[in-house]
Amino acid sequence: MSSFKPHDNRAWLGVLPVVLIVGFSAVIPLMTVLNYSVQDILDFNSRFFVGFQWYRETLHDPRFLSAFVRQITFSLTVLLIEIPLGIAVAKGIPKTGRLTPLILILLALPLLIPWNVVATIWQIFARPDIGLLGVGINALGISYNYTSEPLHAWLTLVAMDVWHWTSLVALLSFAGLTAIQLPFYQAAELDGANKWQVFRLVELPRLRGVLIIAILLRLMDSFMIYTEPFVLTGGGPGDTTTFLSQYLATMAVGQFDLGPAAAFSVIYFLFILLFCWLFYTSVALDDDS
Amino acid sequence: MTRSFSRWVLVSYGIYLLLPLYWLLSMAVRTNAEIVGDFSVLPQSPTLANFAEIFSSPVWYQAFGNSLTYVAINTLISLAVAIPAAYTFSRYRFLGDKQLFFWLLTNRMAPPAVFLLPFFQLYSAIGLFDTPLAVALAHCLFTVPLSVWILEGFFSAVPTELDEMAKIDGHGFLYFFFRVFLPINRGAIGVTLFFCFMFSWVELLLARTLSGASSKPIVVVMTRTISASGMDWGVLAAAGVLTVIPGILVVWFVRKDLVKGFALGRVS
Amino acid sequence: MAQITLKDIHFRYPGAEQDTLSGLNLDIADGEAHALLGASGAGKTTLLNVLSGLLSPTAGNLFFDGRDVSQLAGRARHVAQVFQFPVLYPSLSVAENLAFPLQAKKASAASIAERVDYICDELAISELRQRKPHTLSLFEKQLVAVGKALVREDVSLVLLDEPLTAVQPKVKWRLRQTLRKIQGDLGTTMIYVTHDQTEALTFADRVSILTDGGILQTGTPAELYQAPDHEFVGHFVGSPGMNFVPNAALGVSMGDRLGFRPEWAVLDDNGPVKGVVKSTRVQGTRGGEPYGLVMLETEYGELAIRGEISRAVGEHTALSVHRYVAFSDKQRVGEGEFV
């Protein structure tokens with residue numbers, strides 16, 4: 001944003017539509033949630049103010065805590081795979097040439113598929129009876145069944161998420177790599193730098209901006225994940241793949257425990273904001289500007 | 001990492017990408033009998049019966065229609081409110097502008113699950129429950145901030161000299177905006193359209209919560225495809241194939257804008 | 001530092017209809033400061049890339065100290081390059097950037113530190129050693145880039161591709177001065193590519209005029225100025241460039257056109273070339289009288305005379321020439337004097 005912009009408070013007219021729409025969708029519901037989170041709602045007419053009771057209960061609820069641990073494990077796992085893999089895939093894309101647009105479109109495909117269809121695709125793919133992957137693995141002698149084995153369910157979920165989202169990291173990284181001008185590579189060649197040094201000293205610093213965006217997006221979105229695990233495993237076997245969103249959804253809609261559900265919602269949202277803020281400031285502080 | 005190692009990674013990943021998609025397509029052209037029968041990598045007797053069933057069954061094609069409706073409404077609303085807002089952010093400073101921008105972005109960080117219940121109550125209360133408009137508006141919570149963010153980045157890159165030149169030429173603001181500014185930013189609008197579509201078309205949780213019996217979107221119908229004889233895998237796969245196509249079409253149409261957008265954009 | 005020889009170098013880009021470089025021959029002495037002067041599109045960048053090893057010549061040979069390096073990879077040639085904008089490793093400090101080429105050659109830590117200190121002193125950038133590139137000005141960054149190019153003692157050749165481009169106009173002269181000084185101190189063979197003749201003529205021992213993929217003339221700045229081999233050289237070198245008139249205008253039979261430098265003509269009402277004073281530009285005084293350029297509009301176009309400004313704008317006068325170079329079909333065929 002340049003500094004040549006005139007200061008004019010009438011500009012609020014231009015942003016008013018956005019404020020109204022987002023405010024309508026955000027502020028009212030959030031107020032509702034906050035309101036419910038501090039009340040005990042027995043039925044429509046009897047509500048009692050209970051302060052932070054729901055918050056305390058939620059933070060001590062063993063099911064909440066285990067869902068939280070599962071969520072963190074999942075998010076970290078997929079992040080640790082998707083970021084390096086995405087960068088490696090991006091490096092393999094030719095920067096110019098006729099194949100490049102086709103490759104980019106192919107990579108974009110998984111990002112454009114409705115999330116439940118992604119899960120359905122993997123359902124069909126991984127089932128031990130009718131799926132190419134399922135039948136294939138079982139044919140190798142491993143009795144693979146993602147609906148009954150927690151480990152298999154986890155591995156399949158991770159494989160599915162990697163299939164789904166690595167492209168985002170790859171496309172962002174590719175955008176970053178193509179922005180690096182030729183002389184930087186030339187200078188490194190004349191210096192006698194090896195391939196690893198070129199990656200570390202020429203490419204990685206320039207990828208910093210896009211990687212921050214990619215990590216932030218994947219961190220946030222994997223933390224909110226709902227559809228794919230829900231459709232693929234339903235949270236099972238048992239509750240071994242029940243992550244935070246699903247737990248919350250069950251609480252909120254299924255069981256009508258409005259107060260605790262609301263408190264959970266607030267805690268959930270705050271956690272994501274906290275992670276994002278921590279990540280962003282720690283990375284932004286890295287810059288000595 | 002050598003060039004050939006990265007090529008291998010790309011090729012392997014490409015195969016990894018294509019295999020499940022191939023399998024989806026292969027299942028979509030098989031009958032249920034063939035699917036539950038003996039396993040084979042290639043379809044034995046490919047048929048378009050599953051697609052025919054979808055096109056002839058109102059449950060299916062209405063569901064597609066419902067989904068496309070709310071995606072279209074959402075994209076329209078998002079662009080209609082985000083464009084003026086992005087223009088304003090890029091051209092003016094005003095009281096609270098930075099805070100407003102930041103607040104918009106935090107909405108992107110909100111887990112949809114948090115809004116389940118309040119949205120349900122809110123839209124029921126104003127009588128919009130079970131309409132495409134409800135889903136479209138609910139998605140706006142996420143697509144509008146994203147649109148403003150993307151568009152502001154592009155709009156800021158267009159020099160203000162353009163605005164001044166139009167004023168000097170004697171054109172009113174509306175003429176400048178619709179005949180000069182927006183056409184120049186076709187690429188940006190294309191990219192934004194892509195991202196709005198990408199979010200709204202694929203989202204399940206809110207779409208499911210806010211849809212009742214009459215406006216069921218495709219995402220919901222697909223999660224319940226069970227017939228008397230068990231899971232209707234063939235039809236399900238065919239429906240899956242059909243949901244991928246709009247995505248391919250959208251990215252094909254905006255591919256040039258995407259490439260330009262990636263090159264210019266906020267990311268570097 | 002090395003002696004560089006280009007022997008009949010040709011280069012054609014794949015799919016191109018013509019050679020970008022056609023039959024280049026050039027000998028550069030060990031330790032020479034050489035400039036390649038030419039307009040955009042003349043083939044300067046291509047030639048640089050052939051010298052650095054990024055491109056291999058499609059025909060011809062390149063020798064460093066008598067060794068044929070035509071097909072040798074860039075990293076094996078011991079060449080360094082300074083680019084139009086500062087090219088440094090963003091995550092390394094200035095000292096680490098300077099040390100990098102030495103570390104890649106597996107030098108000892110002590111010798112690296114010593115050499116980095118020496119370069120920092122030479123370029124007066126010692127206070128910047130611990131800073132990261134993004135905290136420096138463009139000028140400082142380009143100085144570091146120059147240091148990095150010179151840090152290896154065994155560097156055969158340093159290429160400079162219009163190194164003043166990104167630097168602010170106010171400090172261009174400082175960078176130019178620094179380059180001249182350090183080239184003299186270290187005695188490194190340097191090839192400086194530019195389209196700006198001031199840069200070329202003030203930096204180099206000898207200059208090659210490059211046009212359309214070939215070298216028109218190589219010589220010292222004085223040689224190029226006094227005895228251009230080709231009309232283009234006469235026109236391109238010098239500010240303003242050489243004046244040209246048909247030889248009939250001065251009554252000379254050699255060649256078809258005559259060229260003369262502004263200093264080789266005087267305003268003379270009885271001179272052979274008549275004209276009107278179009279404009280004058282005062283550049284100083286000589287003996288109390290204004291001295292500078294007088295532009296005379298004549299039947300042969302606008303001609304420039306450098307000397308005492310003895311006429312005012314609008315006056316009818318003429319010029320006479322006391323020295324000239326004769327050209328036939330643009331090539332130099334001789335020179336002459338009027339006494």
(request) Hey, could you check segment C:252-272 for residues that are in a strand (DSSP E or B) and more than 26 Å from the chain's Cα centre (by Cα) and say which is surrounded by the fewest Cβ atoms within 10 Å (Cβ to Cβ)? (result) C:Val266
(message) Among (1) modelled with pLDDT of 85 or more; (2) more than 14 Å from chain B (Cβ to nearest Cβ); (3) touching a helix residue (DSSP H, G or I) at 6+ places or on another chain (Cβ under 8 Å), there is one condition A:Asp40 misses while meeting the rest; what is its number?
(response) (1)
(request) Determine the pairs where a residue that is modelled with pLDDT of 90 or more, located within segment C:226-237, has a partner that is among the small types (Gly, Ala, Ser) and outside any loop (DSSP other than H, G, I, E, B) with Cβ atoms under 7 Å apart, the partner being 6 or more residues away or on another chain. (result) C:Pro228/C:Gly234; C:Glu231/C:Gly259; C:Gly234/C:Gly259
(request) Kindly indicate whether C:Val245 is touching a Lys or Arg at 6+ places or on another chain (Cβ under 8 Å) and β-branched (Val, Ile, Thr). (result) yes
(message) Quick check on my filter: what residues within segment A:187-214 are modelled with pLDDT of 90 or more and either within 30 Å of A:Ala119 (Cβ to Cβ) or touching a strand residue (DSSP E or B) at 6+ places or on another chain (Cβ under 7 Å) (or both)?
(response) A:Ala187, A:Leu190
(request) Give me a count of the residues in segment B:184-224 that are assigned to a loop (DSSP other than H, G, I, E, B), facing chain A (nearest Cβ under 8 Å) and in contact (Cβ under 8 Å) with a residue 40 or more places away in the chain. (result) 1
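Residue by residue, here is whether (1) surrounded by 12 or more Cβ atoms within 10 Å (Cβ to Cβ); (2) aromatic (Phe, Trp, Tyr); (3) touching a strand residue (DSSP E or B) at 6+ places or on another chain (Cβ under 8 Å) holds:
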| site | (1), (2), (3) |
| --- | --- |
| A:Arg10 | no, no, no |
| A:Asp40 | yes, no, yes |
| A:Val50 | yes, no, yes |
| A:His60 | no, no, no |
| A:Ala67 | yes, no, no |
(message) Restricting to segment B:78-95, name every residue that is under 17 Å from the mean Cα position of the chain (by Cα) and more than 7 Å from chain A (Cβ to nearest Cβ).
(response) B:Ser78, B:Leu79, B:Ala80
(message) Go through segment C:45-76 and report how many residues are within 16 Å of C:Met190 (Cβ to Cβ) and touching a helix residue (DSSP H, G or I) at 6+ places or on another chain (Cβ under 7 Å).
(response) 1
(request) Identify the residue in segment A:238-256 that is assigned to a loop (DSSP other than H, G, I, E, B) and in contact with a helix residue (DSSP H, G or I) (Cβ under 6 Å, 6 or more places away or on another chain) and, among all such residues, is nearest to the other protein chains (Cβ to nearest Cβ). (result) A:Phe243
(message) Tell me the residue from B:Tyr61, B:Tyr87, B:Tyr70, B:Tyr123 that is aromatic (Phe, Trp, Tyr), in a helix (DSSP H, G or I), touching a helix residue (DSSP H, G or I) at 6+ places or on another chain (Cβ under 9 Å) and surrounded by fewer than 17 Cβ atoms within 10 Å (Cβ to Cβ), please.
(response) B:Tyr61
(request) Among the residues of segment B:96-127, count how many are free of Cβ contacts under 8 Å to residues at least 40 places away in the same chain and either more than 10 Å from chain A (Cβ to nearest Cβ) or over 22 Å from the mean Cα position of the chain (by Cα) (or both). (result) 15
(request) Please go through segment C:47-56 and pick out each residue that is surrounded by fewer than 23 Cβ atoms within 10 Å (Cβ to Cβ) and either within 14 Å of the chain's Cα centre (by Cα) or in contact (Cβ under 8 Å) with a residue 12 or more places away in the chain (or both). (result) C:Leu48, C:Ser52, C:Gly53, C:Leu54, C:Leu55, C:Ser56
(request) Could you check A:Ile180 against (1) in contact (Cβ under 8 Å) with a residue 40 or more places away in the chain; (2) not in a helix (DSSP H, G or I) and say which number it fails? (result) (1)
(request) Return the pairs, sorted by first residue and then second, in which the second residue is among the charged types (D, E, K, R) and part of a helix (DSSP H, G or I), the first residue lies in segment A:10-36 and is within 7 Å of another protein chain (Cβ to nearest Cβ), the beta carbons are less than 9 Å apart, and the residues are 6+ apart or on different chains. (result) A:Ala11/B:Arg91; A:Ala11/B:Asp97; A:Gly14/B:Arg91; A:Val15/B:Asp97
(message) Tell me the residue from B:Arg30, B:Arg7 that is basic (Lys, Arg) and either over 23 Å from A:Ile113 (Cα atoms) or in a helix (DSSP H, G or I) (or both), please.
(response) B:Arg7
(request) For residues that are under 21 Å from C:Pro90 (Cβ atoms) and either buried (at least 22 other Cβ atoms within 10 Å of the Cβ) or without any contact (Cβ under 8 Å) to a residue 12 or more places away in the chain (or both), tally how many sit in segment A:209-242. (result) 2
(request) State the number of residues belonging to segment C:228-251 that are more than 15 Å from C:Glu299 (Cα to Cα) and over 31 Å from the mean Cα position of the chain (by Cα). (result) 1
(message) Conditions first: (1) of a type in the set (A, V, I, L, M, F, W, C); (2) closer than 19 Å to C:Glu231 by Cβ; (3) out of contact with any Asp or Glu (no Cβ under 6 Å at 6 or more places or on another chain); (4) not in a loop (DSSP other than H, G, I, E, B). C:Val325 passes all but one, so which condition is the exception?
(response) (3)
(request) Sort out which residues of segment B:178-191 are over 26 Å from the mean Cα position of the chain (by Cα) and surrounded by 13 or more Cβ atoms within 10 Å (Cβ to Cβ), and write them in order of number. (result) B:Val180
(request) Evaluate the following for C:Ala145: is it touching a strand residue (DSSP E or B) at 6+ places or on another chain (Cβ under 7 Å), among the small types (Gly, Ala, Ser) and touching a residue at least 24 places away in the same chain (Cβ under 8 Å)? (result) yes
(request) Only one of these is out of contact with any helix residue (DSSP H, G or I) (no Cβ under 8 Å at 6 or more places or on another chain) and not aromatic (Phe, Trp, Tyr): A:Ser143, A:Ser167. Name it. (result) A:Ser143
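The values are calculated or read from the model by the stated rules, or taken from the named source; none is laboratory data. As the structure is a prediction and not an experimental result, all values here were calculated from the model. Neighbour counts are summed over all protein chains in view; Cβ atoms, including those assigned to glycine, are modelled from backbone coordinates with ideal geometry.
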